[in-house]
Amino acid sequence: GAVAGLLRRSFVDVRLARLNLGVFTLHFILMACFLVVPQLLESVAGVAREQHWKVYLLALTLSVIAMAPLMRMAERGGRPQQMFILAIVLLMIALLTLGLGMGMGAAAVYFGLWLFFTGFNYLEATLPSLVSKTVFSGGKGTALGVYSTSQFLGAFAGGAGGGWLLQHYSATVLFGLCVALTALWIVVALPMRLSSQMAAEPSEG
């Protein structure tokens, strides 16, 4: 379990801090964007609210298929770092596509959702494993506690902050902020040094 004396070390460890920032950003974006996506599906794609689950199901299914080559390249191709960065880039392209989708039509919204779920699902599956393999000896419980807290804080900030931006500004501003956060994440993640073993092995506990 978490050890109070190791909390400070978990916060100041640069490698863990990169991953904590990553999961905060990932869930901020998830919550913020899905304040707008239902409206896009209705107003741009013309999909009734009760039919949205079909769009989400198809996008999720196709994203799992698209994840397969990313996982294969990371684990067997020995390129975990490149695939990790690529997933963040896919997330950024998805945000740009959804943001522009308000004026580009239904195809842009569908394509953006597919890219979003592809990048999100890959990162969501990879990040906990990276925490487990990166953490210093004896600090796994504490590090995973900090990681989980960062995840929930990101979801809270995305919901609250995204709602505030929509109330006072616009969906364009919201997507712009999410793109900026994703760009920051790329900059922070670039110095990471990931091995195939780190990316391939599942997290424990």
Computed E for LEU153/TYR56 - FRET, C-beta separation, R0 35 angstrom, nearest 0.05: 0.90
Degrees between helix 80-104 axis and first principal axis of the chain (Cα, 0 to 90, nearest 10): 20 degrees
Taking springs between alpha-carbon atoms closer than 10 angstrom, which of ALA160, ALA94, ALA48 fluctuates most in the Gaussian network model of the chain? ALA48
Heads up, I need the accessible area for THR25: 1.4 angstrom probe, whole protein in place, Å², nearest 10. 10 Å²
Show me, for the range 126-141, the HN-Hα J-couplings you get by feeding each phi into the Karplus relation (A = 6.51, B = -1.76, C = 1.60, θ = phi - 60°), rounded to Hz, glycine and proline as x. 8, 4, x, 5, 5, 4, 4, 8, 8, 5, 5, 4, x, x, 4, x
Given a 10 angstrom Cα cut-off, can you work out which residue in ILE65, ILE93, ILE85 is the most mobile in a GNM of the chain? ILE65
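Under the definition of Cα pairs under 8 Å and six or more residues apart, what whole-number percent is the relative contact order of the chain? Provide the component values of the computation, followed by the final result.
On the way: 265 pairs, mean separation 80.1, N = 205.
Averaging sequence separation for qualifying contacts and normalising by length gives 39 percent for the chain.
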Cα-projected label distance for PHE11 with LEU86, points at 7 Å along beta-carbon direction, nm: 3.7 nm
Among all stretches of the chain without exposed trypsin sites (Lys or Arg not before Pro) (DSSP loop, at most 11 other Cβ atoms within 10 Å), which one is longest? 77-192
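Among the chymotrypsin sites (Phe, Trp or Tyr not before Pro) in the range 125-155, which ones are in a DSSP loop with at most 15 other Cβ atoms within 10 Å of the Cβ? Mind listing them? Intermediate values should be presented prior to the final figure.
Numbers: sites: PHE136, TYR147, PHE152; in loops: PHE136.
Here the sparse-neighbourhood loop sites are PHE136.
The values are calculated or read from the model by the stated rules, or taken from the named source; none is laboratory data. Note that the structure is a prediction, hence the values are computed from the model and not measured. For neighbour counting, all protein chains shown are included, and Cβ atoms are generated from backbone atoms with ideal geometry for every residue, glycine included. Heads up: the accessible areas ignore ligands, DNA and RNA and are worked out on the full protein's heavy atoms, side chains in. Shrake-Rupley method; radii C 1.70, N 1.55, O 1.52, S 1.80 Å.
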